[in-house]
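Each remark here refers to the structure printed beneath this line.
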Amino acid sequence: MPKQTFILNGKPVTVNVNDDVRVLWVLRDLLGVTGPKYGCGINVCKACTSHINGKAFNPCSVKVGDLKKKDRVTTIEGLPDTVGKKLHPMQQAWIDRDVPQCGYCQPGQIMAAVATVKKVRREGRQLRESDLDEIRNICRCGTYARIREAVEEGARNMR
Amino acid sequence: MSIAETATDAGNMHNPSSAAGSGGSGLGRRSFLGYVIGGTTLVAAAELAAPARSEAVIPSLPQVPELYDLEDLQTDAALPTSALISVTINSDGTASFAIPRAEVGQGITTSTAMILADELDLPVSKVKVTLAPARPELMFNQLTGGSNTTVSTYTPIRVAAAIARNALLDAAAIELGYAVARLRTYEGLVEAPDGTTIGYGELAQKAASPDTKQVEVALKEAKDRKVVGRPHNRDDALAAVTGQKDFSMDLDVKGALPTMVCRAPTLNGTPRRLKNRKKIKRMPGVKDVVKVDTGIAVRARTFGQCIDAIREMKVVWNKGSAEGESDQTILAGLRRAELPMVVPNVPILAEQIDADFAFAFRSSAALEPNCAIADVREDSAEIWAGLKVPILAQQNIAQAVGLRQDQVKVNVITSGGSFGHKLFSDAAIEAAKISQKMKKPVRLMWHRADEPRQGRLHPMCTSRVRATMLGNEVLSFEQRNTSVVTDFSHGLGEIITSTIDEAPTDVGKALGGLGFSETIFTLTQELPYNFGAVTQLLNETDDRFNTGSMRNIYSPDTAVASELVIDMMAKKMKMDPLEFRLKFIKDDRTRACLEKVAKEGNWGRRMPAHRAQGIAVHKEYKGATAVLVEIDTRPSTVNRKIRNAVTGPRVTKVVMAVDAGLVINPRGLEAQMQGGFMDGLALTLTSSCHLRNGKFLEASWDNYFYTRQWNVPRKIDVHIMDPGVDQPGGAGEAGVPASAAAVACAYARAVGKVPTAFPINHGEISFKPKTFVPPVPKSPTNGLKFTY
Ligand code: FES
Ligand code: FES
């Protein structure tokens, strides 16, 4: 079986598994990293949202064989380390605003929020309501209103 | 009866008020009975029984829920139960309590910790609330539903806590050498007048009793509460935002490999045989393949490999339960079953409104799909799943795998949402059967596509209303719902049969002879208006579908229909919708909610073309809700483009007022109302399932249009009313009906036409249905193209 190597939450990992297995299952079923959740498997619910090289991606829709050795995959578990703190400011904002209900979508929501803020910064502009409108992550508990508040608060505290 | 109200003056027992230094004689306060349980550390217990109901003033023609509603019924169901719930004080100074309910996102572990903390005088952080496993001795007292958790557990929990606190005080009195009355408790400490303190942890063993004894206790008064009623963040928020909160599929159960089921193309089709078993068995990662009654199960190293295997399976299927049927044929069946109205002739000068609405099937699936871990052995079984009725699950699983109930251990795991879906134990039973056949532990998860296609749905129904008016009075209001059968086999049915005898006589009479569904309909529906002769009835037909309740049972559809008709009546009488409602509303608590949203939401402000306000109320769950919305239906808004999104009309502003009786955690209540709004919005505008030729077309979130950020109002205010009562109401479902109705009313006013079918976009299918054979879509591989 082929060896798959990439960097996961700051550390290189190697797994023996076929190329075509999607990254979500490598993370969850083989590596026991369960922060990214399954909600659809076809890149629509966004519950599995994680980062690759600092940008948001959905591991349910990427073959592990398409990851390169140097690719840095970050899941919710590794997010705090990216800022060298116990909690990323976005996670803190989520706690301050008491966002989670069942919590199932929230790791994905937070990873999407961080990427959205970074994206608008790259574009050299402020976060707009329309950016929040386009966050695709589903929350079946309907925490959308608090998510909007928390993204804005988290953005203010992100360097 | 257990936590009996006694006539005794609590003063000759411990008087917690004076011991707490908060004054008050204790005279006339009700006292309750409970127990100190024999053991090595302090355990205090109470029976999980009903607090006394407050007597309502009964109007001339009360509907059943005014006398006795579903909340009462669920609460009374506790009475014959002799089992106890207990609070343990640990030697590290913490208190632990296992609540016999399920946490599915509604925040009950947090609110329960708050209630305990208040009564114990312990910081909330030191109260550990866990979910109790199936406890058969609790009978039907272990069902999480009907927004009933706090309604039924509030008093028993406090009794147990108060007993624990008294026992700690007794022990401290000996240690500190002062009478109990001179001690005070705070933050988990007992303090003597000289300032010496001793911690609960240190007292836990000293306060333990060698044998179980019955004691009497009075509860804290409202003015002495420090925690209940103040906003509190959730106890599991940190775990949730760091990915540490474990759901069933995150548990590490040895050998429980990923397992999925290949399901039939048509609803409830069953497998005859798998034609290419050898090939499937040889696929990468595949370990086991077995046939069960619901399909062909495959167990593999990863879920991805289960999906690949399902896509390769060649299965011969038996027919489904609704072969050839479509929305139209089912609707026609409902029409045939509709009950006649009773007011056939209108008085000569009276006016009559007849209205008729249809509501499509909707999926109650949570974001976490149906799932369960099962390890079934020869003589025992263990299950891990999010279950709201674990006792029934335990019985059903035992039966399914041929074990005795006591051989099945059922662990209740926090769920990724429920909305009624997890009242049933479909996945747990299926997992048990598969594990038994494979002789291995399995981690069963439904594919998302399985949920709308084979999972439980809110039934299709119609609601007809006939109202008659004479001058400025309403003479009658009749509502007739006709619905595809709702499955109540999750235990509420049993609660009813065992409890109905205890209902007040008139209620018993009114309910006698009705089936489960009709009974629940009658227990929950209450039109809070003085409309003369009011009748609301349900009739059911067609039991071929997998159904259940969905963050309410009948209320959202009923409310949409009745509130739309109320707007029509107001129009006929040339009255403003708010003015009309205020004229006819029955009770002060509902009226107060309505007035609140009207004021805060600036009701009646001028709205430009294609935009409008809508207002609606709902009364249930020992409380009331009012919602005001503003909607924008301009073509430029309706047709706004977002990639792969159904946009449509946009609600731009929401103002909600909720009276949920005594509020334990206002922050949690606000969250439940906001979430309830998102559900109501989806029910009215976007979310439904289409039945075509025996199959439901929807297969994922890109077909089933639950509310998304692009539909979310940018402003949503929740006002929490204080009705000054000491009885908590329900919160989980309370936000939905008035929200759905207010959006419908606003939409009708904005477009100048009352819709007759919901959700309003059900008429068009705006997606290409995914494959039925294989039953699950291929996982994409182009994810790296969409990074951002
Ligand atoms: S599971 Fe990856 S987007 Fe839904
Ligand atoms: S918090 Fe439950 S799905 Fe978002």
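The values are calculated or read from the model by the stated rules, or taken from the named source; none is laboratory data. Note that this is a predicted model, so its numbers are computed, not measured. Counting neighbours? That spans all protein chains shown, and the Cβs are built from the backbone with ideal geometry, glycine included. Ligands, DNA and RNA are excluded from the accessible area calculation, which covers all protein heavy atoms including side chains. Shrake-Rupley method; radii C 1.70, N 1.55, O 1.52, S 1.80 Å.
Residues satisfying the criterion are present in the stretch B:598-613 (criterion: surrounded by 19 or more Cβ atoms within 10 Å (Cβ to Cβ), in a helix (DSSP H, G or I) and either in contact with a Gly (Cβ under 6 Å, 6 or more places away or on another chain) or assigned by TED's automatic domain parsing to the domain that holds B:Gly729 (or both)). How about the stretch B:704-718: which of its residues are more than 9 Å from chain A (Cβ to nearest Cβ) and either part of a loop (DSSP other than H, G, I, E, B) or open to solvent by less than 10 Å² (accessible area, probe 1.4 Å) (or both)? B:Tyr704, B:Phe705 - these are the residues of the stretch B:704-718 that are more than 9 Å from chain A (Cβ to nearest Cβ) and either part of a loop (DSSP other than H, G, I, E, B) or open to solvent by less than 10 Å² (accessible area, probe 1.4 Å) (or both). Looking across the stretch A:78-107, the residues that are buried (at least 21 other Cβ atoms within 10 Å of the Cβ) and among the hydrophobic types (A, V, I, L, M, F, W, C) come down to A:Leu79, A:Met90, A:Ala93, A:Trp94, A:Val99, A:Cys102, A:Cys105.
Residue-wise test of (1) crowded, with 23+ Cβ neighbours inside 10 Å; (2) within 16 Å of ligand 1 (Cβ to nearest atom); (3) under 30 Å from B:Pro258 (Cβ atoms).
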residue: B:Glu351; (1), (2), (3): no, no, no
residue: B:Phe357; (1), (2), (3): yes, no, no
residue: B:Cys371; (1), (2), (3): yes, yes, yes
residue: B:Ala385; (1), (2), (3): yes, no, yes
residue: B:Val389; (1), (2), (3): yes, no, yes
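Do we find a residue being open to solvent by less than 10 Å² (accessible area, probe 1.4 Å), within 16 Å of ligand 2 (Cβ to nearest atom) and at negative phi anywhere in the stretch A:67-77? Reasoning before the result, please.
Initially, the stretch A:67-77 is screened for residues open to solvent by less than 10 Å² (accessible area, probe 1.4 Å), giving A:73, A:75-76.
Still in the list and also within 16 Å of ligand 2 (Cβ to nearest atom): A:76.
If we keep only those that are at negative phi too, we end up with A:76.
Yes, because at least one residue in the stretch A:67-77 is open to solvent by less than 10 Å² (accessible area, probe 1.4 Å), within 16 Å of ligand 2 (Cβ to nearest atom) and at negative phi.
Just one of the listed residues (B:Ala179, B:Ala239) is surrounded by fewer than 20 Cβ atoms within 10 Å (Cβ to Cβ) and farther than 30 Å from A:Arg146 by Cβ, namely B:Ala179. Restricting the stretch B:229-245 to residues that are more than 7 Å from chain A (Cβ to nearest Cβ) and touching a residue at least 12 places away in the same chain (Cβ under 8 Å) leaves a set whose member that is nearest to B:Ile413 (Cα to Cα) is B:Asp235.
Does the stretch A:141-159 hold any residues that are more than 16 Å from the chain's Cα centre (by Cα), within 9 Å of another protein chain (Cβ to nearest Cβ) and of a type outside the set (D, E, K, R), and which are they? Answer for the stretch A:141-159, where residues must be more than 16 Å from the chain's Cα centre (by Cα), within 9 Å of another protein chain (Cβ to nearest Cβ) and of a type outside the set (D, E, K, R): A:Cys141, A:Gly142, A:Thr143, A:Tyr144, A:Ala145.
Taken over the stretch B:125-148, the criterion of being surrounded by 20 or more Cβ atoms within 10 Å (Cβ to Cβ) and modelled with pLDDT of 85 or more is satisfied by B:Lys126, B:Val127, B:Val129.
Among the residues here, B:Arg225 does not qualify as of a type in the set (Lys, Arg) and at the interface with another protein chain (Cβ under 7 Å from one of its Cβ atoms). If you check B:Ala208 against the conditions, is it open to solvent by less than 60 Å² (accessible area, probe 1.4 Å), in the same structural domain as B:Ala45 (by TED's automatic domain parsing), farther than 17 Å from B:Pro123 by Cβ and under 38 Å from the mean Cα position of the chain (by Cα)? Judged against the criteria, B:Ala208 is a match. Inclusion of A:Ile147 among residues that are in a loop (DSSP other than H, G, I, E, B), within 16 Å of ligand 2 (Cβ to nearest atom) and not polar (S, T, N, Q) is not warranted.
I'm trying to understand the selection: among the residues of the stretch B:423-450, which are away from ligand 1 (no atom under 16 Å from the Cβ) and in contact with a Cys (Cβ under 7 Å, 6 or more places away or on another chain)? Steps first, answer last, please.
Of the stretch B:423-450, the ones away from ligand 1 (no atom under 16 Å from the Cβ) are B:423-444.
Those that are away from ligand 1 (no atom under 16 Å from the Cβ) and in contact with a Cys (Cβ under 7 Å, 6 or more places away or on another chain): B:Ala427, B:Leu444.
Number of residues in the stretch A:123-144 that are of a type outside the set (Lys, Arg) and within 16 Å of ligand 2 (Cβ to nearest atom): the value is 9. Might you check whether a residue that is of a type in the set (A, V, I, L, M, F, W, C), under 17 Å from A:Lys69 (Cα atoms), out of contact with any strand residue (DSSP E or B) (no Cβ under 7 Å at 6 or more places or on another chain) and open to solvent by less than 10 Å² (accessible area, probe 1.4 Å) occurs anywhere in the stretch A:25-32? Checked against the condition, which is being of a type in the set (A, V, I, L, M, F, W, C), under 17 Å from A:Lys69 (Cα atoms), out of contact with any strand residue (DSSP E or B) (no Cβ under 7 Å at 6 or more places or on another chain) and open to solvent by less than 10 Å² (accessible area, probe 1.4 Å), the stretch A:25-32 yields at least one hit. For the stretch B:569-597, which positions are touching a residue at least 60 places away in the same chain (Cβ under 8 Å) and open to solvent by less than 10 Å² (accessible area, probe 1.4 Å)? Across the stretch B:569-597, the qualifying residues are B:Met569, B:Phe584, B:Thr590, B:Cys593, B:Leu594, B:Val597.
Here B:Leu122 clears all of (1) of a type outside the set (S, T, N, Q); (2) farther than 27 Å from B:Ala366 by Cα; (3) assigned to a helix (DSSP H, G or I); (4) at pLDDT 85 or above except the condition numbered (3).
Counting only strands (runs of 3 or more DSSP E) that sit wholly inside the stretch A:24-140, not one has at least 3 residues that are more than 16 Å from ligand 1 (Cβ to nearest atom), modelled with pLDDT under 95 and facing chain B (nearest Cβ under 7 Å). Each residue in the stretch B:409-446 was checked for being within 26 Å of the chain's Cα centre (by Cα), among the aliphatic types (A, V, I, L, M) and at pLDDT 95 or above, and 7 pass. Residues of the stretch B:427-471 that are among the polar types (S, T, N, Q) and either open to solvent by 10 Å² or more (accessible area, probe 1.4 Å) or under 24 Å from B:Asp250 (Cβ atoms) (or both): B:Ser435, B:Gln436, B:Gln454. Need the failing condition index for B:Val289 against (1) away from ligand 1 (no atom under 16 Å from the Cβ); (2) within 14 Å of chain A (Cβ to nearest Cβ); (3) under 30 Å from A:Gly65 (Cβ atoms); (4) not small (Gly, Ala, Ser), just the number. So B:Val289 meets the others, but not (2). When B:Phe580, B:Phe545 are checked against the criterion of being part of a loop (DSSP other than H, G, I, E, B) and among the aromatic types (Phe, Trp, Tyr), B:Phe545 stands alone in meeting it.
Could you list, in sequence order, all residues of the stretch B:719-740 that are more than 19 Å from the chain's Cα centre (by Cα) and either closer than 27 Å to A:Val151 by Cβ or open to solvent by less than 10 Å² (accessible area, probe 1.4 Å) (or both)? Explain how you work it out, then say what you get.
The first filter runs over the stretch B:719-740 and keeps only residues more than 19 Å from the chain's Cα centre (by Cα), leaving B:719-726.
Matches in the stretch B:719-740: B:His719, B:Ile720.
Scanning the stretch B:675-684 for residues that are more than 9 Å from every other protein chain (Cβ to nearest Cβ) and open to solvent by less than 10 Å² (accessible area, probe 1.4 Å), we see that the one that is farthest from the chain's Cα centre (by Cα) is B:Thr684. All conditions but one from (1) away from ligand 2 (no atom under 16 Å from the Cβ); (2) among the hydroxyl-bearing types (Ser, Thr, Tyr); (3) surrounded by 24 or more Cβ atoms within 10 Å (Cβ to Cβ) apply to A:Ser61; the one that does not is (3).
Which one of these is away from ligand 2 (no atom under 16 Å from the Cβ) and surrounded by 20 or more Cβ atoms within 10 Å (Cβ to Cβ): A:Val114, A:Val120? Before you say what the answer is, go through the steps one by one.
Values: A:Val120 fails: surrounded by 20 or more Cβ atoms within 10 Å (Cβ to Cβ).
The unique qualifying residue is A:Val114.
Taking the conditions exactly as written (outside the structural domain of B:Met114 (by TED's automatic domain parsing) and either modelled with pLDDT of 95 or more or open to solvent by 40 Å² or more (accessible area, probe 1.4 Å) (or both)), does B:Val286 satisfy them or not? Yes; evaluated as a whole, the condition is true for this residue.
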